[in-house]
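Below you'll find the structure, written out as structure tokens, and then a few comments.
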Amino acid sequence: IAKNCASCDSTLTWQRDFLICTNHSNCPAQVENTLEHFFKTHGQVDGFGSKSIEKLVAADIDTLEKIYDSSEENFQDAGFGPGQSKNLRTELDRSLLVETEDWRFLGAFGIPQLGRGDSRRLLQHILLNDLANITQEKIMAVEGFAEISSANIVGGLTKKWPIIKHMLNLGF
């Protein structure tokens, strides 16, 4: 059984039946997985599959903010050709113009215990912008959310809110 993460060499810890790398924000594999999850769940941006994201992370374009702030030249510097760089930038710009359901947008951030279905249920009762200051009690008041899951969601929202706010300010 492995003791260290194959991607970042951090010590692995057990969480229930799984070995987990706890180096969430600095583990290249977890960063790639987080970005892939966003683009797959969001569903409105083509060209950002696993190989493209791997190339971006290797070039230190490793957050949604950096990706959306990148120019065609930045993509070329990361190893993409001129045509693909133009297509990536075009897709990012297009994604800002295409209407996306709030629940899909929220679910794309990979907040623990807040997948697409739970995002939909939560946003039927609470506005997306109101999640910036949400409390565990307000989430628990929504049918289907228990104490532990509500606490995890509040923690995840608190951690991810700066990214969510940045993306909302871009025009999502």
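Since every read-out is calculated from the coordinates, none of them should be taken as a lab result. Computed from a predicted model, the values in this text were never measured in an experiment. No Cβ is skipped: glycine too gets one built from the backbone with ideal geometry, and neighbour counts run over all protein chains shown.
Data table
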| item | result |
| --- | --- |
| Region 35-141: relative contact order as a whole-number percent, Cα under 8 Å and 6+ apart | 29 |
| HN-Hα J in Hz across region 113-120 - Karplus 6.51, -1.76, 1.60, θ = phi - 60°, x for Gly and Pro | 6, 9, x, 5, x, 5, 4, 4 |
| Neighbour net charge for Glu54 - beta-carbon separation under 12 angstrom, K R +1, D E -1 | -1 |
| Shape category assigned to the chain from the gyration tensor of Cα positions, a/c cut at 1.5 | oblate |
| Cα gyration tensor, region 74-172 - rounded (a/c under 1.5), prolate or oblate | prolate |
| Inter-label distance, nm, simple model (7 Å from Cα along the C-beta direction), Asp46/Asn129 | 3.3 |
| Ala29-Arg104 pseudo-label distance in nm [points 7 Å out on the Cα-to-Cβ vector] | 3.0 |
